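Q: This is the structure, below, for whatever I ask next.
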Amino acid sequence: MDLKNRLKMSFLIIIILPICLAVMTGKLIIEYQLNSIQKTYDVEFNTVQVITNPIQILNRVTRDAFNRIKTQAMKSPWELEDLEYIKSLNAELKGKYSFLVVRKDQEIIFVGNTAKFTTVKNNLPSYNNHSTEVDGGIYVGGKNPILVKQQDFLYQDGSEGTIFVLTEVDNIVPQLKVSAIQAVISFVLIIIITAVILIIWLYRGIIKPLDVLKRATKEMKEGNLNYSITVRSNDEIGQLCEDFEEMRIHLKELIEVKMQYDENSRELLSNISHDLKTPLTAIKGYSEGIIDGVADTPEKLDRYVKTIYTKANDMSSLVDELSLYARIDNNTVPYNFNIIGIDDYFSDCVDELSFELEIKNIKLEYENMVSPECKVIIDTEQLKRVIHNIVGNAIKYMGKAEGTIRVRLSDAGDMVQVSIEDDGCGIAAKDLPNIFERFYRADASRNSKQGGSGLGLAIAKKVIEEHGGNIWAKSEVGVGTSIIFTIMKWTDKEHMEKKLSKIKKGLELKVKD
């Protein structure tokens with residue numbers, strides 16, 4: 001629930017919940033008290049009547065008894081002259097906090113409760129001064145009111161008679177007061193409960209997630225980027241926490257990448273220093289030999305100069321490869337993809353390499369097991385660099401006077417698999433997973449006697465990945481090594497553009513027939 005709806009709901013809870021609970025609680029309290037009054041005074045009434053006219057309770061307490069008196073006064077008034085009968089009626093009313101007073105002319109001849117009567121004896125209405133209905137009456141007595149019901153009649157001797165039914169209001173009204181007090185207390189409790197519920201609801205929905213976010217911010221400020229947060233809400237605060245978590249993950253990844261870059265930079269500087277140190281030492285040594293006159297014959301001088309030249313070329317090649325690798329690693333090398341017939345392309349590459357390998361007593365074999373019409377989409381210059389790097393590695397680590405290198409093409413679904421195999425010394429199993437890492441050499445001492453920068457296969461891996469392919473190696477010590485990579489077949493322009501866009505953003509597809 002978003003904050004807007006949460007605030008609306010809070011408003012409804014504040015308004016509607018207390019009202020509903022107050023109505024329900026008030027109804028229960030009133031019904032409970034009314035049931036108590038009904039059982040105590042043996043009267044019946046409903047809740048609506050009591051709420052609309054509370055006096056009904058007082059009137060109905062003596063309703064039955066007064067109704068009988070009224071009937072007797074009209075039909076058989078002589079029964080009201082019997083004091084024993086009057087006493088029995090008074091005893092019946094006593095349990096309802098009521099009593100009888102009988103007056104003959106101006107003389108009081110019966111009092112059912114003397115103590116209460118003294119407070120109202122001077123306030124009783126005169127004969128025929130007040131006619132009381134069954135549910136009527138008047139209140140007398142000031143601070144301690146008494147409900148008085150009056151019924152006039154005539155004695156048999158013609159004397160004026162009046163019978164009063166007096167009800168103690170104080171003994172009945174407190175029950176209504178208790179109901180009112182209970183209602184007030186209940187309403188206060190309802191307000192408190194509503195406030196507690198609302199606070200808990202808002203705390204769980206707003207305050208608690210903010211506390212979690214605050215803690216995460218503090219952890220991040222202290223450098224702890226591993227402190228993750230989980231908020232299971234779909235409101236704005238939940239979305240904020242999700243965004244914060246995504247930011248934390250992204251920031252952590254950036255820092256890890258930076259740390260990796262820093263580590264790579266340190267490793268790169270160390271490797272460059274190591275690989276440049278050997279040719280520089282050789283150049284320095286041979287130069288000092290020339291200066292000191294060690295090369296005292298033309299043959300020695302020529303050999304020293306050629307060695308210096310060779311080492312300088314090695315350094316130049318190393319710097320060039322470092323520059324190329326840096327540009328490839330930073331994705332700044334432009335790729336010019338073209339549609340090329342796979343057989344024609346590799347035939348040309350093999351022809352170019354054959355002469356160089358023949359001089360070194362290495363036989364180059366080529367086998368194409370894919371359709372001659374098969375076309376691939378490649379950057380011809382960059383892929384040629386890959387082939388030369390792999391073949392160059394095979395030559396350097398051939399380990400014998402004569403050898404064989406095979407270039408084999410095979411079908412692999414929507415890819416063409418290229419395998420360059422040699423029968424050289426092979427690579428140990430423990431070193432095989434690392435040969436595509438930059439500057440990696442199987443010899444732990446990084447002996448540069450074989451030449452090279454240690455970047456050839458690392459560059460090959462980068463280029464093949466930019467082509468949307470994979471590269472891996474198989475080797476057995478004493479048998480030989482196979483470097484295998486895949487390149488994409490050409491299907492149609494739209495399909496290939498989509499594939500290339502996923503591989504490298506910003507590449508432009510240049511189609512040549």
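Q: For C374 and L7, what is the calculated FRET efficiency with R₀ set at 56 Å and r taken between the beta-carbons, to the nearest 0.05?
A: Working: r = 67 Å, r/R0 = 1.19.
So the FRET efficiency works out to roughly 0.25.
Q: Multiply the residue gap between S317 and D82 by 0.36 nm, knock off their C-alpha separation, and tell me the result in nm, one decimal place.
A: On the way: separation 235, 0.36 × 235 = 84.60 nm, distance 14.21 nm.
My answer for the length gained is 70.4 nm.
Q: Moving on. Using the basic label-point model (7 angstrom from Cα toward the beta carbon), what is the L198 to T71 distance in nanometres?
A: In this crude spin-label approximation the distance works out to 5.7 nm.
Q: Take the Cβ-Cβ distance between D414 and K360 as r, set R0 to 41 Å, and report the resulting FRET efficiency rounded to the nearest 0.05.
A: 0.65
Q: What percent does the relative contact order of segment 66-114 come to when contacts are Cα pairs within less than 8 Å and at least six residues apart?
A: Numbers: 34 pairs, mean separation 10.4, N = 49.
Rounded, it is 21 percent for segment 66-114.
Q: If each of E381 and E242 carries a label point 7 Å out from its Cα toward its Cβ, how far apart are those two points in nm?
A: Taking the two extended label points, one gets 4.7 nm.
Q: Based on the mean of other beta carbon atoms within 10 Å per residue, what is the order of 462-469, 349-356, most packed first?
A: 462-469, 349-356
Q: With a Förster radius of 41 Å, plug the Cβ-Cβ distance of E476 and T307 into 1/(1 + (r/R0)^6) and report the FRET value to the nearest 0.05. Could you put the intermediate results ahead of the total?
A: Numbers: r = 36 Å, r/R0 = 0.87.
Calculated transfer efficiency: 0.70.
Q: How high is the relative contact order of segment 294-438, in percent, counting Cα pairs under 8 Å that sit 6 or more residues apart? Kindly include the intermediate steps, with their values, before the conclusion.
A: On the way: 131 pairs, mean separation 29.1, N = 145.
Taking the mean separation of contacting Cα pairs over the length of segment 294-438, I get 20 percent.
Q: Here is a further query. Please report W78, W472 as a ranked list, fewest other C-beta atoms within 10 angstrom at the top and most at the bottom. Don't skip to the end; give the middle numbers.
A: On the way: W78 11, W472 15.
Lowest count first: W78, W472.
Q: If I model a spin label as a point 7 Å beyond the Cα along the Cα-Cβ vector, how far apart are those points for V294 and T281 in nm?
A: With each label placed 7 Å out from Cα toward Cβ, I get 1.3 nm.
Q: Could I ask something else about it? Once fully extended, how much extra length lies between E222 and L269, figured as 0.36 nm per residue of separation less the alpha-carbon to alpha-carbon distance? Please report the intermediate quantities before stating the final value.
A: Values: separation 47, 0.36 × 47 = 16.92 nm, distance 3.13 nm.
Full extension from E222 to L269 adds 13.8 nm.
Where a number appears in this text, it was derived from the coordinates with a stated rule and is not lab data. Given the structure is predicted, the values throughout are model-derived calculations rather than measurements. When we count neighbours, we look across all protein chains shown, and the Cβ atoms used for this are built from the backbone with ideal geometry, even at glycine.
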